[in-house]
1. Starting from the amide H of residue 36, placed 1.01 Å from N in the peptide plane, find each other amide H under 5 Å away whose residue is 5 or more places distant or on another chain.
2. So how do 21, 13 line up by other beta-carbon neighbours within 10 Å, fewest first?
3. Mind sorting 59, 17 by how few other Cβ atoms lie within 10 Å of their own Cβ, fewest first?
4. Determine ³J(HN,Hα), in whole Hz, for all residues of the range 3-20 in sequence, where each value follows from phi through the Karplus function 6.51 cos²θ - 1.76 cosθ + 1.60 and θ = phi - 60°; x replaces Gly and Pro.
5. More than 23 Å apart: what percent of Cα pairs in the range 2-110 qualify?
6. Which of 45, 87, 80 has the fewest other C-beta atoms within 10 Å, and how do the rest follow up to the most?
Amino acid sequence: MNLAISGHHVAVTPALRQYITGKLERIRRHFDQVIDVNVIVSVDKLVQKAEINLHVPGRDLFAECSGPDLYAAIDELIDKLDRQVAKYKAQRFGFAHEAIKHQDAVEAVGSE
């Protein structure tokens with residue numbers, strides 16, 4: 001997984017980098033085929049914003065969140081991205097299991 005963290009009008013400190021990578025472990029725990037991750041944190045006056053572009057096989061997932069606190073925005077952002085990854089994983093891998101179950105049921109009915 002390639003990880004790029006950049007800041008716009010905010011310094012990306014080692015503590016912030018460690019916080020983001022720690023939160024991204026939750027995504028990798030659910031789906032380990034992540035190719036590329038781009039994280040951008042920015043500050044505009046009183047609004048602090050975080051956005052992630054996640055590249056997985058076959059799709060790019062994007063989420064953004066803003067608020068008065070950067071760490072709260074990152075937490076909410078990871079929640080959004082986790083829901084997107086779970087939905088993508090269900091779409092991509094959920095149908096193979098149904099086909100096998102259906103095939104076994106057809107074979108069982110045909111053998112009687």
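1. 2, 55
2. With the sparsest Cβ surroundings first, the list reads 13, 21.
3. By the 10 Å Cβ count, ascending, the order reads 59, 17.
4. Karplus-based 3J(HN,Hα) across the range 3-20 equals 10, 10, 10, 10, x, 10, 6, 8, 7, 8, 7, x, 5, 5, 4, 5, 4, 5 Hz.
5. Values: 2217 of 5886 pairs.
It works out to 38 percent of all Cα pairs.
6. 45, 87, 80
Taken together, the values in this text are just the output of simple stated rules run on the coordinates, not laboratory data. It should be emphasised that the depicted structure is a prediction, and the values quoted were computed from it without experimental measurement. Every residue, glycine as well, gets a Cβ built from its backbone with ideal geometry; the counts of neighbours run over all protein chains shown.
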